[in-house]
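Data block below; observations after.
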Amino acid sequence: MKLKKKYQLTLVAVIISVPISLLLINLLMLGFYKVVSKIRDTNTPFHESFAYPTMHVLFLLSFLLLAIVFSKTIHSLLKNISTLNSIILNLASNERVPNKIEITSEDEIGELTNSVNLLIERTASREMELKQQEEMQREYLNKLRHDINTPLTAIRLQLFYLEGENTSLPLESLYQQIEYIADLTNEFNRDSIDSMDSSYILYTEVNISDLMRDMIKKWDYLYRINQIKLQYHPHEKNLVWSSHKLLLQRLFDNAFQNALKHSKANKMEITINDGVVSMNDNGQGFAQKKQIQGLGLKVIDDLAKILNIKYTLQTSAEGTEFTFIIDQNIECVEDL
């Protein structure tokens with residue numbers, strides 16, 4: 001039965017039951033009054049007898065009883081709505097998928113309950129699919145790590161052979177890059193990416209001046225062939241951060257990569273002063289909004305949060321500047 005029809009019948013029942021109950025109570029008390037008057041042989045008028053106030057008390061009790069009976073219908077509806085609301089809120093939260101609800105009626109509430117059950121089924125099915133995809137991704141990344149380490153080992157052997165053939169070859173930088181790639185593949189797997197947080201990072205003391213000098217050596221060749229001049233000003237040569245060296249390299253690598261690919265600059269200045277690392281190019285800046293949302297800047301933003309580094313990005317037609325500083329209150333700012 002539909003809710004509209006159900007409550008129409010309820011309204012009709014209320015309208016009919018009130019006068020009927022009054023009439024029945026009136027007749028009952030009048031009959032009782034006559035019987036008692038006949039037994040006691042009294043001529044007390046009805047409105048002055050004990051039956052009159054008793055009748056009014058019964059009237060009030062009957063109204064209260066009718067109110068309780070018909071309010072249960074409203075209470076049942078509200079309870080069903082509250083239950084559905086709670087189930088939907090659980091689905092919207094990060095809690096486990098709730099159990100399906102038993103359908104107890106065939107009205108609109110029953111239809112809504114059936115729809116919520118379908119939503120629960122779809123959500124449970126989707127979560128299962130996501131878990132399967134995550135497992136497949138973990139397996140794929142583990143295989144990928146193995147597949148990357150295998151050719152790296154072969155390259156190491158070939159470099160060792162070349163070094164034996166010609167000891168004058170400058171192969172130290174190549175060895176360093178191979179180790180860097182190997183460290184990256186071993187450091188990041190699917191589990192560490194899913195749960196990455198500053199509490200899982202093993203911090204060590206990192207000399208920022210030495211780290212930046214090594215990175216400039218690494219990037220110098222690519223910058224030179226792209227006719228970009230690298231200038232390094234380590235005014236604070238003993239700046240030490242408590243951080244993670246490999247993640248810092250990734251952070252600065254993405255800043256170098258951004259300037260190399262997008263800036264169209266001819267000069268890049270790196271300055272270390274007053275605890276701040278500044279990387280400034282004289283390129284075209286970010287002319288389009290979509291460039292600002294690139295993967296490189298997303299990686300910088302994520303790594304800065306993980307390492308408790310506050311960074312600012314200022315960009316205009318005259319160039320782009322990154323500044324990095326250790327800060328416990330992470331706050332990333334983009335002034336465009």
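The values are calculated or read from the model by the stated rules, or taken from the named source; none is laboratory data. Worth saying up front: this structure is predicted, and the values here are computed from it rather than measured. Here the Cβ is made from the backbone with ideal geometry for all residues, glycine too, and neighbour counts use every protein chain on show.
Would a scan of region 239-247 turn up a residue that is of a type outside the set (S, T, N, Q), surrounded by fewer than 16 Cβ atoms within 10 Å (Cβ to Cβ) and in a loop (DSSP other than H, G, I, E, B)?
no
Answer yes if at least one residue in region 205-220 is in the same structural domain as Lys298 (by TED's automatic domain parsing), over 40 Å from the mean Cα position of the chain (by Cα), at pLDDT 90 or above and more than 25 Å from Lys305 (Cβ to Cβ), and no otherwise.
Within region 205-220 (the criterion being in the same structural domain as Lys298 (by TED's automatic domain parsing), over 40 Å from the mean Cα position of the chain (by Cα), at pLDDT 90 or above and more than 25 Å from Lys305 (Cβ to Cβ)), the answer is no, since none of the residues qualifies.
Quick check on my filter: what residues within region 200-237 are closer than 18 Å to Leu303 by Cβ and among the hydroxyl-bearing types (Ser, Thr, Tyr)?
Tyr200, Tyr203, Thr204
Could you give me the residue pairs with C-beta distances under 9 Å whose first residue belongs to region 260-271 and is more than 12 Å from Thr320 (Cα to Cα), whose second residue is of a type in the set (D, E, K, R) and at pLDDT 90 or above wherever it lies, and which are 6+ apart or on separate chains?
Note: pairs meeting the criteria are Asn266/Lys229; Asn266/Asp281.
Within region 36-67, track down each residue that is acidic (Asp, Glu) and surrounded by 10 or more Cβ atoms within 10 Å (Cβ to Cβ).
Once the filter is applied, which keeps residues that are acidic (Asp, Glu) and surrounded by 10 or more Cβ atoms within 10 Å (Cβ to Cβ), region 36-67 yields nothing.
Is at least one residue of region 316-334 modelled with pLDDT under 85, in a strand (DSSP E or B) and over 22 Å from Arg224 (Cβ atoms)?
Yes, the conditions are met somewhere in region 316-334.
Do you know which of the residues in region 2-35 that are in contact (Cβ under 8 Å) with a residue 40 or more places away in the chain and among the charged types (D, E, K, R) is surrounded by the fewest Cβ atoms within 10 Å (Cβ to Cβ)?
If we take residues in region 2-35 being in contact (Cβ under 8 Å) with a residue 40 or more places away in the chain and among the charged types (D, E, K, R), then Lys2 is surrounded by the fewest Cβ atoms within 10 Å (Cβ to Cβ).
Against the definition (of a type in the set (Phe, Trp, Tyr) and either in contact with a helix residue (DSSP H, G or I) (Cβ under 9 Å, 6 or more places away or on another chain) or modelled with pLDDT of 75 or more (or both)), how does Tyr161 come out, yes or no?
No; evaluated as a whole, the condition is false for this residue.
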